[in-house]
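Q: Next up is a structure, given as structure tokens.
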Amino acid sequence: MLAVVRERPAHGFAIAALTARGGELGRMWQMPRPVIYRALSRLEAAGLVTPKEVESGAGPPRTVYEITEVGREAVDRWLAEPVRHVRDLRSHLLMKLALLHRRELPAASLIADQRAVLGPVLDAVAAERERASGFEAVLLSWRHNNMLAALRFLDEFEEA
């Protein structure tokens, strides 16, 4: 949500539309409207966003939030940071790539850093897999193949 407000000031209803099932960002993460409004309150309390104005129209008044400098720095740091756990690649990495795309920012550095994080983990899992037996070998094979798929995805993304 903070990254969406980083793009331009927004109210909770607009963020909810983006993160709804059919929304542009909802394909990676779906957030119910009440969660969005609670999170906006927490972001404000943390000094990451501030209310800019209240829009009134056909529906209830909507508070438009804008990002603070601290919030801007937090978003930029998060967007540049590779995902540390393979299990989070689908949601976190895809969300970061979508947000970078929305802002028309290059993703090459994130992709390179992500590859650098995955490489040593892949090697460690492969070595562990060689020594494993039983279900542990099955689990390690699953992890190994997921990492290989992620690296193939990064290759394809770089080529696109």
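Q: All but one of (1) more than 13 Å from the chain's Cα centre (by Cα); (2) touching a residue at least 12 places away in the same chain (Cβ under 8 Å); (3) not in a helix (DSSP H, G or I) hold for residue 58; which doesn't?
A: Only one criterion is unmet by residue 58, namely (2).
Q: Could you tell me whether any residue of the range 65-80 is under 19 Å from residue 33 (Cα atoms), surrounded by 13 or more Cβ atoms within 10 Å (Cβ to Cβ) and either at pLDDT 95 or above or small (Gly, Ala, Ser) (or both)?
A: yes
Q: Just to check your reading of the model, which residue among 97, 93, 89, 25 is in contact with a Leu (Cβ under 7 Å, 6 or more places away or on another chain) and aliphatic (A, V, I, L, M)?
A: 25
Q: In the set 26, 47, which member is under 23 Å from residue 73 (Cβ atoms) and of a type outside the set (Lys, Arg)?
A: Testing whether each residue is under 23 Å from residue 73 (Cβ atoms) and of a type outside the set (Lys, Arg) leaves just 47.
Q: How many residues are over 11 Å from residue 28 (Cβ atoms) and at pLDDT 95 or above if we restrict to the range 85-100?
A: Looking only at that region, the number is 1.
Q: Test of understanding: among 140, 79, which residue is part of a helix (DSSP H, G or I), over 25 Å from residue 25 (Cα atoms) and of a type in the set (A, V, I, L, M, F, W, C)?
A: Within the list 140, 79, the selection yields 140.
Q: Looking at the range 82-104, which of the residues that are free of Cβ contacts under 8 Å to residues at least 12 places away in the same chain and outside any helix (DSSP H, G or I) is nearest to residue 7 (Cα to Cα)?
A: 104
Q: Among residues belonging to the range 112-160 that are open to solvent by 70 Å² or more (accessible area, probe 1.4 Å) and of a type in the set (Asp, Glu), point out the one that is nearest to residue 79 (Cα to Cα).
A: 158
Q: Which one of 134, 119, 57 is of a type in the set (Gly, Ala, Ser) and on the phi > 0 side of the Ramachandran plot?
A: Exactly one of 134, 119, 57 is of a type in the set (Gly, Ala, Ser) and on the phi > 0 side of the Ramachandran plot, namely 134.
Q: Return only the number of the condition from (1) part of a loop (DSSP other than H, G, I, E, B); (2) at pLDDT 95 or above that residue 29 does not satisfy.
A: The one condition residue 29 does not meet is (2).
The values are calculated or read from the model by the stated rules, or taken from the named source; none is laboratory data. Computed from a predicted structure; not experimentally measured. Ideal geometry is used to build each Cβ from the backbone, glycine not excepted, and the neighbour counts take in all protein chains shown. Protein only, heavy atoms only, side chains kept; ligands, DNA and RNA dropped before computing areas. Shrake-Rupley method; radii C 1.70, N 1.55, O 1.52, S 1.80 Å.
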